[in-house]
Protein chains: 2
Amino acid sequence: MKKLEDLILTYKDFPKKGIYFKDILGITQEPETFNELIIKMASSEIIKNADAIVAIDARGFIFGSAISLKASKPIIFARKPGKLPGQLIQKKYNLEYGENSLSIQKESLNKFKTFAIVDDLLATGGTVSCVADLLKSQNKKVLGLLVVVELKELGGRLKFKFPVEASLSY
Amino acid sequence: MKKLEDLILTYKDFPKKGIYFKDILGITQEPETFNELIIKMASSEIIKNADAIVAIDARGFIFGSAISLKASKPIIFARKPGKLPGQLIQKKYNLEYGENSLSIQKESLNKFKTFAIVDDLLATGGTVSCVADLLKSQNKKVLGLLVVVELKELGGRLKFKFPVEASLSY
């Protein structure tokens, strides 16, 4: 079985100059490694204790959906503008390279009280903070964040009051 | 267990006037129903015979990733502009409401010869045709398309020479 760290490639100056982009998609080309990663993430106490998962558009969907299946947990989606129908809650955020906003379908939150946030990578933490603020605005509780990769130097986790679990750190 | 068809809501005039948007995200809030759907999709001969899955940005990731995990098949991703690093193959397409383009990482195709395309919904078939053309341009074979929902009236499947399997049709 190939090692997780050997499947993550670094691209310099993507998507903008000065950014070292960690591409996690190679993991999904190796089913054994992907399966082991998902088993590990799905067995986290953060997932086990959460009523539901929130996955962040779009690479977070890849890991969130697989964890949802493995752990038998409901999953909802934080999406970029114009993607979700229905009544939405929405918030802007600043990210490592630009500004954007995320939306969640308001009704999808009604059945659940506690959430685990899932994404592929934690950088400055802008997107995760945005999702956490959206959840808190509806009186929901964030139990923690699970990511495949954490870029420690950027200090993203210092923004949060909840725990962060990363499978790999750089 | 809730029925698949009861979890799909229709939104009128989204994302544009005249479109009846089928929202499949409700499925993922019901783990039992989601699991049954993924078991069924993952057991398709199209998946079993394919070297790898191609999932289409971004709702296709949700189903593709879960099928990949269940069937132990590699998965690669057809993404919208600006999302993928590295050497890409790219093609424009017309969709039900607008124009866009999709890219695939060229290296991710190297290890595989035959592919199953996975998406949430088949409408006019523009995005799927685009992905199939991208694969064919690299001398790869498309074994078939799996979707959760097919909008039959739009005749998308008539565009393809490969089989289409839909869990629900409207």
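The values are calculated or read from the model by the stated rules, or taken from the named source; none is laboratory data. Everything quoted here is computed from the prediction, not taken from an experiment. Cβ placement follows ideal geometry from the backbone for every residue including glycine, while neighbour counts extend to all protein chains displayed. In case anyone asks, the SASA skips ligands and DNA or RNA and just uses the protein heavy atoms, side chains included. Shrake-Rupley method; radii C 1.70, N 1.55, O 1.52, S 1.80 Å.
Evaluate the charge dipole of the range A:104-163 about its Cα centre and quote only its size in Debye, nearest 20, assuming +1 on the Cβ of each Lys and Arg and -1 on the Cβ of each Asp and Glu. All intermediate terms of the calculation are to be shown ahead of the outcome.
On the way: 10 positive and 6 negative charges, 81 e Å.
In debye, rounded to 20, the range A:104-163 gives about 400.
Carbon and sulfur together cover what percent of the accessible area of the range A:4-169 at a 1.4 Å probe radius?
Numbers: 3210 of 6990 Å².
That share works out to 46 percent.
Please get the size of the charge dipole for chain B, origin at its Cα centre, with Cβ charges of +1 on Lys and Arg and -1 on Asp and Glu, quoted in debye to the nearest 20. Before the final figure, lay out the partial values.
Details: 26 positive and 19 negative charges, 137 e Å.
Here chain B has a charge dipole of around 660 debye.
Give me the one-decimal nm value for the distance between modelled label points at A:Glu107 and B:Ser169, 7 Å along each residue's Cα-to-Cβ direction.
It works out to 2.7 nm between the two label points.
Where a Cα-Cα gap under 18 Å defines reach, which lysines qualify for B:Lys83, not counting those fewer than 8 residues away within the same chain?
A:Lys12, A:Lys16, A:Lys17, A:Lys22, A:Lys80, A:Lys83, B:Lys91, B:Lys92, B:Lys106
Could you tell me whether the range B:1-53 comes out rounded, prolate or oblate from its Cα gyration tensor? Rule is a ≥ b ≥ c as square roots of the eigenvalues, rounded for a/c under 1.5, then prolate if a/b exceeds b/c, otherwise oblate.
Values: a/c = 3.57, a/b = 1.59, b/c = 2.25.
Oblate.
Under 12 Å from the Cα of A:Lys113, which aspartates and glutamates turn up, not counting those fewer than eight places away in the same chain?
A:Asp51
Kindly report the accessible area of chain A per residue (heavy atoms of protein chains, probe 1.4 Å, no ligands, DNA or RNA), in Å². If you can, show how the numbers build up before the last one.
On the way: 7430 Å² over 170 residues.
With the other protein chains kept in place, chain A gives 44 Å² per residue.
Along the charge dipole of chain A, which of A:Gly60, A:Phe160, A:Asn35 sits closest to the positive end, that is, farthest toward it, with unit charges on the beta carbon of Lys, Arg, Asp and Glu (+1, +1, -1, -1)?
Of A:Gly60, A:Phe160, A:Asn35, it is A:Phe160.
How many square angstrom of accessible surface are buried between B and A, both sides summed, with a 1.4 Å probe and rounding to 100?
Numbers: alone 9060 and 9030 Å², together 14890 Å².
Buried surface at the B/A interface: approximately 3200 Å².
Looking at chain B, do any whole DSSP H helices span at least 18 angstrom along their long axis by alpha carbon and average -0.5 or above on Kyte-Doolittle, and which?
Values: long enough: B:59-71 (19 Å, 0.86).
Helices passing the filter in chain B: B:59-71.
Calculate how large, on average over all directions, the projected area of the Cα convex hull of the range B:108-155 is; give the answer in nm² to one decimal. Don't skip to the answer; put the middle values down first.
Working: hull surface 13.4 nm².
Average of the hull's projected areas for the range B:108-155 equals 3.4 nm².
How much length, in nm to one decimal, is gained on full extension between B:Thr10 and B:Glu45, taken as 0.36 nm per residue of separation minus their Cα-Cα distance? Working shown, then result.
Numbers: separation 35, 0.36 × 35 = 12.60 nm, distance 3.00 nm.
Length gained between B:Thr10 and B:Glu45: 9.6 nm.
May I ask for the Rg/Rh ratio of the range A:1-139, computed from Cα atoms with Rh as the Kirkwood radius, given to two decimals?
Details: Rg = 15.6 Å, Rh = 15.9 Å.
Rounded to two decimals, Rg/Rh equals 0.98.
If you bin every alpha carbon distance in the range A:52-100 into 10 Å steps from zero, what whole percent lands in each bin?
With a bin width of 10 Å, the distribution comes to 23, 46, 27, 3.
Over the Cα atoms of the protein assembly as shown, each weighted equally, I'd like the Debye log10 I(q)/I(0) at q = 0.11 Å⁻¹, rounded to two decimals.
Reported log10 I(q)/I(0), two decimals: -0.67.
Check each residue of the range A:17-58 and keep those whose accessible area, probe 1.4 Å, is at least 30 Å² smaller with all protein chains in place than in the chain alone; give them in order of residue number.
Flagged in the range A:17-58: A:Leu25, A:Thr28, A:Gln29, A:Pro31, A:Phe34, A:Ala58.
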